[in-house]
Amino acid sequence: MADVDKEDLREQFVEAFEGADYPISSPMDLVPALPNGPSTRFESGDFEITAMELNTKLPGGEFPYEDVDSFVDDVMDGLEEEGHI
């Protein structure tokens, strides 16, 4: 398991995804909000992932999401459940 500051990682996700036009109904709704599109990178400790990798490594999610916090909560839960963090 990677050495990860989960709070720092969560803040990075919120910052990157909060600009999306909520509610969102699919991962594609997030792309316009990302500073570097699908190649936007998130890093903490030994862990790093791009937005595109995030989309392929996580279970589908419970779309639609009404706000950034509920989306990021599921992303963090998914990363933990899958053993990435």
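Observations on the model:
- When residue 49 is tested against (1) in a loop (DSSP other than H, G, I, E, B); (2) touching a His at 6+ places or on another chain (Cβ under 8 Å); (3) of a type in the set (A, V, I, L, M, F, W, C), only condition (1) is not met.
- Residue 71 being in contact (Cβ under 8 Å) with a residue 12 or more places away in the chain, hydrophobic (A, V, I, L, M, F, W, C) and loosely packed, with under 14 Cβ neighbours inside 10 Å: no
- Residue tally, condition surrounded by fewer than 15 Cβ atoms within 10 Å (Cβ to Cβ) and touching a strand residue (DSSP E or B) at 6+ places or on another chain (Cβ under 8 Å), over the range 1-40: 7
- Number of the exception - residue 61 against (1) in a loop (DSSP other than H, G, I, E, B); (2) without any contact (Cβ under 8 Å) to a residue 40 or more places away in the chain; (3) under 19 Å from residue 3 (Cβ atoms): (3)
- Subset of the range 41-59 (residues that are touching a helix residue (DSSP H, G or I) at 6+ places or on another chain (Cβ under 6 Å) and surrounded by 13 or more Cβ atoms within 10 Å (Cβ to Cβ)): 42, 44, 50, 51, 52, 55, 58
The numbers here are math on the coordinates, done by the rules we state, and not lab data. Quick caveat, the model's predicted, so the values are computed rather than measured. A quick note on method: Cβ atoms are made from the backbone with ideal geometry, for glycine too, and the neighbour counts reach across all protein chains shown.
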